[in-house]
Structures are given as C-alpha cells and as structure tokens.
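Reading through the structure tokens given below for one structure.
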Amino acid sequence: MNPTAHSEPNASPGSPEKIRVIIADDHPIVRDGLKKLLSLEDDMEVVAVASDGREVLEQAAQHKPDIILLDLRMPNLDGISTLQALQQRGSEAKVIILTASEDKNEFVQVMKLGARGIVLKQTASELIVKSIRKVNAGEIWLDSQTTAAVMRQFAAATAETQPVQGRVRERSPLSAREREIVMLVAQGYKNKEMAEKMFISEQTVKNHLHNIFDKLGVSDRLELALYAIHKGLHLPDSER
C-alpha cells in the first residue's frame, strides 16, 4: 500500500460523538492542511488519509467513516469512479467532493452518483468545516452559485429528454404542509422520519411528495433538495 494512505495511530474506533473523516487527495500539502484544520475541531477525527481512489476504497472498508472528503482528480482511480465503487459496495459514508474544477456537468454527475456536497478548494476553511457538520447531519451542501448551476444543468437535461412537454416549475403554489415537507427533504429527513415528525402516515408523506414533484416539475428527491436550496425553501420561514 502506498505510504500516503494510512490509518491514523491515534484514531479511536469508539468515540461515537466524533465525526469520523477520511481525506482523499493526491497532493500531500492539501491532505496535511485539511488534517491540521480538522484536528482543531473537537467533534471531528481524521481516521485515515488516501492519495488515490483505490486507497479510499481500502480505507473506507476498514474504518467505516462518516464523511469522505473526495478529490475528483486522483491517479489509479479518479473521484467519479471511486464514488461509483463506494455506491456499489453499499458504503454508508457521506461523500463531499473536494475539487478545483468548475465543470457543472461533472457536478451534476457526482450528485446523481450520491455525493452529498461539493466544496471548491478555494472555499474558506470555516466553510469546509461547516460543510462536514451539515452533511453529517443529513443535509446537502452546495454554495449558491454551484446550486444554481447544477439546477440549470438538471433543467437542460430534462428539456432534452422531455422536449415536447417541457416542465413549468411551480405550476401552482405549495401548501404550508408541502413547504414543510420540502424543507425536511432538503435537511436530509427520510419519509419515515418526516411522518413521525409531522404526526402523519408514511403514505401521506409519499402522497405529498408526489404532488410536490408535479407542482415543481422535479423528478426525484435529489432534484427537489437542490431546488429547495436554490430557492431558500430549506430554511424555516423565520430565516428566509
């Protein structure tokens, strides 16, 4: 195994209160910088680092991390192929793409492959830390410009596959209950969790989601979450 991929000697498999993170990047200076940054956070623990995709898969299988910070440009197995492999293996780790690229088609691809966030390498360090906490809590993390760009790509792809019908977003306004469901989807809640939180049946949640998809012209939960973030619907009314 390449010496740049290794377990952290002080990593403790216990400590459930800490967010367990793997850092994957082929540049030592990036790995070291991120490791030092996260070591300052009381609720985070870097359990391993990796310099290519194959090492990511090995480390993920061994350490069962909560979060993987994954570079897209890596040797042997690039970030997109690694993401696909993690998905095929049923990894429960939430992946945040760490990239210098601004290829919006690539952003759409990684989100569809299950990435939960995209962080540009030029992002301020405090936002990288915040993204880890938010994604670990079940939310999607994208900055406003990236979200808007990804939504445009989704819309363009839909127009190509459904050129006749087209899709008119927000054909009719959402009800208060539907807006609440949109907010919870964007915050990472699953159907069962939403049903329990809202004191309704899981089938009622599914019915609401069907109506929301139709009203907003979105095709799945990911697109709904991205749309919600883009429009600010993921925040309580008091914070909009």
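FYI, it's all coordinate maths here, none of it is from the lab. Predicted, not measured: the structure shown is a model, and the values here were computed from it. Reconstructed Cβ throughout: ideal geometry from the backbone, glycine too, with neighbour counts over all protein chains shown.
Could you give the nm distance between label points at Arg179 and Lys112, where each point is 7 Å from its Cα heading toward the beta carbon?
Using points 7 Å along Cα→Cβ, the separation is 3.2 nm.
So how much slack lies between Phe199 and Leu77, counting 0.36 nm per residue of separation and subtracting their Cα-Cα distance, in nm? Show your work: numbers first, answer last.
Details: separation 122, 0.36 × 122 = 43.92 nm, distance 4.55 nm.
Taking Phe199 through Leu77 to full extension adds about 39.4 nm, to one decimal.
For Val95, what residues show an amide H to amide H distance below 5 Å, using hydrogens built from the backbone and excluding near sequence neighbours?
The answer is Ile68, Arg116.
Determine ³J(HN,Hα), in whole Hz, for all residues of the stretch 186-191 in sequence, where each value follows from phi through the Karplus function 6.51 cos²θ - 1.76 cosθ + 1.60 and θ = phi - 60°; x replaces Gly and Pro.
So the J values, rounded to whole Hz, are 5, 8, x, 6, 8, 3.
Semi-axes, largest first, in whole Å: what does sqrt of 5 times each Cα gyration tensor eigenvalue give for the stretch 6-141?
Listed largest to smallest, the semi-axes of the stretch 6-141 are 20, 16, 15 Å.
Give, to the nearest whole percent, the P(r) tail of the stretch 68-149 beyond 21 angstrom, counting all Cα pairs. Don't jump to the answer; show the numbers that get you there.
Values: 701 of 3321 pairs.
Tail of the P(r) past 21 Å holds 21 percent of the pairs.
Count neighbours as other Cβ atoms within 10 Å of each site's Cβ, and list the trypsin sites (Lys or Arg not before Pro) in the stretch 56-135 that are DSSP loop with at most 14 such neighbours. Before the final figure, lay out the partial values.
Details: sites: Arg73, Arg89, Lys94, Lys104, Lys112, Arg116, Lys121, Lys130, Arg133, Lys134; in loops: Arg73, Arg89, Arg116, Lys121.
Passing sites in the stretch 56-135 are Arg73, Arg89, Lys121.
Based on Cα coordinates alone, diagonalise the gyration tensor for the stretch 170-239, multiply each eigenvalue by 5, take square roots, and list the semi-axes in whole Å, largest first.
Numbers: eigenvalues 56, 39, 25 Å².
Semi-axes (√(5λ), whole Å): 17, 14, 11.
Under the Karplus relation 6.51 cos²θ - 1.76 cosθ + 1.60, θ = phi - 60°, what is the ordered set of whole-Hz ³J(HN,Hα) values for the stretch 24-41, x standing for Gly and Pro?
10, 7, 7, 9, x, 5, 5, 4, 5, x, 5, 4, 5, 4, 6, 5, 7, 9
Net charge near Ile132, counting Lys/Arg +1 and Asp/Glu -1 over other residues with Cβ under 10 Å of its Cβ?
Working: positive: Lys94, Lys130, Arg133, Lys134; negative: Glu41, Asp43, Asp66.
Charge balance in the 10 Å sphere: +1.
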